[in-house]
Amino acid sequence: MARQSIFEASLDYFLAPISEFLADDDVTEIMVNGPREIYVEKKGKLYETDAAFLSEDALQTAVHNVAQYVGREIDRDRPILDARLPDGSRVHAVIPPSARGGTYLTIRKFKRDILGLADYLRLGSLSESAAEFLDICIKLKKNILISGGTGTGKTTLLNAISKCIPPEERLVVIEDSSELKLGQPHTLYLESQQKDSSGRGELTIRQLFKASLRMRPDRIVVGEVRSGEALDMVQSMISGHAGSLTTVHANSPHDSLIRLETLSLMSDVQLPVYVARAQVASAIHLVVQITRFSEDGSRRVTKITEVMGLDTDEQYTFHDLYENRMLGRDADGNLKMSLEPTGEKPSFAGEAKGHGLDHLIDKTRDMWD
């Protein structure tokens with residue numbers, strides 16, 4: 001039996017207490033709060049289950065097995081693990097003493113049914129006009145920041161939007177734990193690495209980003225910016241690597257730029273706040289805000305916003321191009337919404353025809369005329 005098959009069989013054995021949830025396509029997240037307290041997220045809502053691991057040792061053994069599978073280590077000196085399962089699902093674990101209630105294990109499942117913007121239309125998470133607008137913006141190589149809170153589906157939306165990138169382009173994807181599965185044939189995937197037990201072998205997102213600039217990418221896709229690598233990404237956007245995509249934790253377009261600015265200041269390059277802010281304002285063209293609604297568990301794009309630079313007070317300025325409108329509830333009590341144009345035109349309205357993309361314009365003619 002091949003080494004990979006042995007690891008996968010071993011994972012199946014140690015994760016047997018939650019196997020039914022791993023196999024359930026309706027379950028999007030599994031949250032293990034110690035061996036005897038397990039919750040799942042199903043169709044956007046949380047449910048407590050009767051499942052349990054036999055003991056704390058059994059749960060920790062499962063976590064160590066996952067770490068071994070991905071070539072990482074988790075112990076008292078490094079009590080946090082970020083990894084992935086064979087199917088691409090993302091794993092985050094924290095062990096005692098950092099986890100006071102026992103080992104905590106969270107599995108964000110890899111979604112196979114979201115393949116592109118057409119799937120968001122099917123689910124009612126995006127309007128036809130907004131989907132067409134994003135498709136054209138991708139082909140115009142606009143730098144797009146996807147913003148949302150925890151569990152809103154930022155990575156899934158990034159994956160869907162990336163399907164609009166022309167197949168002939170060379171892409172470099174950079175992630176902490178590999179989740180993105182792009183459809184373009186010329187795609188290179190880079191993944192960060194943790195230190196080994198001797199303190200060697202660490203490879204950060206920032207190091208990978210710098211390496212990617214020497215790989216002749218047409219576009220760089222960063223799964224999520226979390227630290228000082230934000231500055232490298234922003235500066236690369238300004239200096240010619242157009243069409244970049246990334247995600248950030250934030251609850252509004254304004255907050256997303258503040259977050260990106262703050263992360264840029266976390267680099268080892270000493271920058272005045274104004275310079276960092278000016279670079280962020282120049283680098284990002286569009287913010288796509290996605291929100292999870294607790295009322296029905298749905299995840300929807302709620303705004304598409306153009307970044308217009310800084311005003312005379314050095315504050316970010318925006319144009320909301322699309323905004324979510326509440327239409328009520330359906331017969332089952334689920335929220336009815338529609339992402340509609342605000343009437344504002346993008347500052348780059350003339351570029352679509354200028355780049356010969358007239359044939360793509362149908363539902364968004366008012367945006368580009």
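FYI, it's all coordinate maths here, none of it is from the lab. All figures in this text were calculated on a predicted structure; none of them were measured in a lab. Cβ atoms come from the backbone with ideal geometry, glycine included; neighbour counts cover every protein chain shown.
Before moving on, here are some points about what is shown:
- For the range 316-359, the residues whose backbone nitrogen is under 16 Å from a point 7 Å from the Cα of K43, taken along Cα to Cβ, are 330-336.
- Relative contact order computed over the chain (Cα-Cα under 8 Å; 6+ residues apart), in percent: 13 percent
- Reciprocal mean inverse distance between Cα atoms of the range 59-124 - Kirkwood radius, Å: 13.3 Å
- Sorted by Cβ neighbour density within 10 Å, fewest at the top, the residues M233, M326: M326, M233
- Annotation: amide H of F318 within the under-5 Å range of M308, sequence separation 5 or more or interchain, hydrogens built in the peptide plane.
- Amide H contacts of I146 (H built 1.01 Å from N, under 5 Å, at least 5 apart or other chain): T246, T247, V248, V288
- Whole-angstrom Cα spans of the chain along principal axes, big to small: 64, 55, 43
- Within the shell of other residues whose beta carbon sits under 10 angstrom from the beta carbon of R90, the net charge comes to -2, with Lys and Arg scored +1 and Asp and Glu -1.
- Across the range 272-277, coupling constants 3J(HN,Hα) worked out from phi with the 6.51/-1.76/1.60 Karplus curve, θ = phi - 60°, read x, 4, 4, 5, 4, 5 Hz, and Gly and Pro carry x.
- Cut-off under 5 Å, modelled amide H: who pairs with G297 long-range: none
- Scalar couplings 3J(HN,Hα) for the range 184-190, obtained by applying the Karplus form with A = 6.51, B = -1.76, C = 1.60 to θ = phi - 60°, are 6, x, 9, 10, 10, 10, 10 Hz; x denotes Gly and Pro.
- Environment charge at P185 (Cβ cut-off 15 Å; Lys +1, Arg +1, Asp -1, Glu -1): +1
- Förster radius 25 Å - calculated FRET efficiency between A99 and R200, Cβ distance, rounded to 0.05: 0.40
- Using θ = phi - 60° and Karplus 6.51 cos²θ - 1.76 cosθ + 1.60, couplings along the range 352-360 (whole Hz; Gly, Pro as x): 4, 6, x, 9, x, 9, 3, 5, 8
- Positive contributions from Lys and Arg (+1) and negative ones from Asp and Glu (-1), summed over other residues with Cβ under 11 Å from the Cβ of M237, come out at +2.
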